[in-house]
1. With point charges of +1 on the Cβ of Lys and Arg and -1 on the Cβ of Asp and Glu, referenced to the Cα centre of the chain, which listed residue (G196, A211, Y225) lies farthest in the positive direction of the dipole?
2. Note down the relative contact order for segment 171-272 as a percent, whole number, built from C-alpha pairs under 8 angstrom at least six residues apart.
3. Using 1/(1 + (r/R0)^6) with R0 = 30 angstrom and r between the beta carbons of K451 and N563, what's the FRET efficiency to the nearest 0.05?
4. Spin-label point model (7 Å from Cα, Cβ direction): what's the D193 to I49 distance in nm?
5. Quick check for you: with a 1.4 Å probe and neighbouring chains kept, what is the accessible area per residue of the chain, in Å²?
6. So if I place +1 on the C-beta of Lys and Arg and -1 on the C-beta of Asp and Glu, and nothing else carries charge, what would the dipole magnitude of the chain be about its Cα centre? I want it in debye, nearest 20.
7. Assuming a ≥ b ≥ c are the square roots of the Cα gyration tensor eigenvalues, decide whether segment 441-483 counts as rounded (a/c under 1.5), prolate (otherwise, with a/b larger than b/c) or oblate.
8. Between segment 96-165 and segment 535-589, how many Å separate their Cα centres?
Amino acid sequence: MNWKNLIISLTLAGSLIFTMSSCTSKPVSSDVSEKTIEVEENMSKNLKIENELSDEIHIDQLGYKTLAKKIAVIKGQYKKFQVINSKTGVAVLTGDLTGNLKDESSGDTVCYADFSKITVPGKYFMSISGLGKSYDFLIDDSVYTKINDAMQKALYYQRCGMALTTEYAGEYSHADCHKALSKLYSDETKKIDVSGGWHDAGDYGKYVVPASVTAAGLLLAYEFYPQAFTDATRIPESGNGIPDILDEAKYGIQWILKMQDSESGGVYHKVTSRGFPEITTMPDKDVDDQLVMPISTTATADFAAVTAMASRIYMTIDPAFAQNCLQASKKAWEWLENNKNFVEFKNPSDVATGEYGDSSGKDEKAWAAAELFRATGNEKYNKYFVDNYQVEGFGLGWQNVSGFAAIAYLFSDVSGTDQEKVDEIKKSWLAKADMFTSTGQKDGYLVAMHKMEYNWGSNMNVATHAMHLLIADRLKVDEKYTQTAEECIHYLLGRNTLNQSYITGFGSKQVTKPHHRPSAADFALKPVPGLLVGGPNSALEDDVAKSKLSGKSPAECYIDDVNSFSTNEVATYWNSSAIFILGYLNSNK
Ligand code: G3I
Ligand code: 9MR
Ligand code: ZN
């Protein structure tokens, strides 16, 4: 850069601090408590400050932490940008736009504005002469605090089997739901109590496989970033001395426990009605018969994994619950030992709800073994893991859980852990993190996503890639990992080709019509807040997507339409993966 900015920081107390800064220098550090106002004197005087919003300036619509790297992505080619203080209208920074990159996933040609050196908290917007201005955004260290609480609270709104009272749910309150006994599909004369848990998504089905992943995500978020989670998100358990995230995970796990067949130890795959209720059905008005579907290998193994994990995490917080979890986990493992052949779940022809099918239970069983070994130190689980674990993509979603298995083994401190196996997994984990980093660096919107990864729930891919990177940083501290993870959250919060914030209730361009039955059916104007929608899906798997999105680039295959369930539904396990990143961002690191 060939000019110098003279930033005059005026403290409210009236003293003057002069800070010289050039574009290449490190961020100017500021004393937040002194509330400084910045005024800039430079070439910006000649640039027009635009008033019209432009869809082509892409920023994180919430904003950035004070010392974060702050980049806006601009579609097209322009020369200079300005960042304006929204309150004063004064330009605080002028800079050159850099880069000229064709983004594979959107087809956009983009350039970049780096405004990292603005470190003074405040509300700002970006102006590009001849193009327009961006939405307002904040620079503030607590910029992701509210959303962290809201994304946890969203799981409370998904709770089944209890009334959501106005005290906690406000305009989203409803009477209790799905409390009646459920019939076993295999023998409808048998009825069992499987009330509780979370509605999976925009539907009211309850499925063990994804619910285990949701609970595991919450427990991991807490384990890695305990400082980020409070006991004050305004759920019924708030103030009980236990972080709300653990109360919420327990609510889900208590239901998971009910899905175990007490005789065999096997775990029923799901409980749902035969079909999906109308989109305008409130939970308490959905009175169709609930059927408990047969036991599967994946449900049983995921169950064993998450209950073993819970036994470790709640050991001192809630010992009785922890004990229950461990017993149930061991019992599920017995079922797996007695049923070595893969028991697949497939929807019978008269059931149309989510299948959560899989062609292999290997990764689920390895996860169970790793968690049971970590919880008990018992060599038989260790041996199973060491003999059977294969590095298979390190998935952190419902279908591939090998990432959860790896985390359990990598961070286990029980004696007997096989160091060679640890080293092998660690090496592959870091190699994958390096791959995500370079994918992110090549991507126009800086998100670690390949253009083939925009499928159903692509936002979960974004979030789990960030999760992978954050865990890599724990294995080998490297700023490029945390940086690439941060770029992923910026994508979810609006710095994407559609300028779309994908989390309900947050950002300037919000999701207004998610495929979420309570939001579609209630009288509230806005959808339930804090829910991550699936996002772009280039496979066009619903009628709206087929008719409205055909011919679009992968990253553009999203539509804010209540009927586009393949792009605009919500899901608890998408939320939990994003909560993990928010844990990082709110842990003051
Ligand atoms: O794995 C393939 C991949 O190899 C291929 O390249 C890609 C092309 O699009 O497709 C991938 O498969 C997709 C798979 O999700 C990925 O996990 C399928 O097309 C897609 O149909 C499948 O979607 C699942 C969807 O249910 C339909 O079964 C979603 O993952 C899953 O999150 C979603 O879950 C639903 C429940 O069934 C019901 N409740 C709501 C929930 C959320 O939408
Ligand atoms: O609403 C359902 C959603 O929760 C599921 O994820 C999705 C895929 O299984 O299916 C939705 O239900 C649709 C059904 O599959 C086809 N008819 C329209 C339904 C939406 O109201
Ligand atoms: Zn319910």
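The values are calculated or read from the model by the stated rules, or taken from the named source; none is laboratory data. Computed from a prediction, not measured in an experiment: that's the story for all the values here. A quick note on method: Cβ atoms are made from the backbone with ideal geometry, for glycine too, and the neighbour counts reach across all protein chains shown. What goes into the accessible areas is simple: the full protein's heavy atoms, side chains included, and nothing from ligands, DNA or RNA. Shrake-Rupley method; radii C 1.70, N 1.55, O 1.52, S 1.80 Å.
1. Y225
2. Values: 113 pairs, mean separation 28.8, N = 102.
Once divided by the residue count of segment 171-272, the mean separation gives 28 percent.
3. FRET efficiency, K451 to N563: 0.70.
4. 6.4
5. 39
6. In total the dipole reaches around 1100 debye.
7. Oblate shape, in that a/c is at least 1.5 and b/c is the bigger or equal ratio.
8. 16
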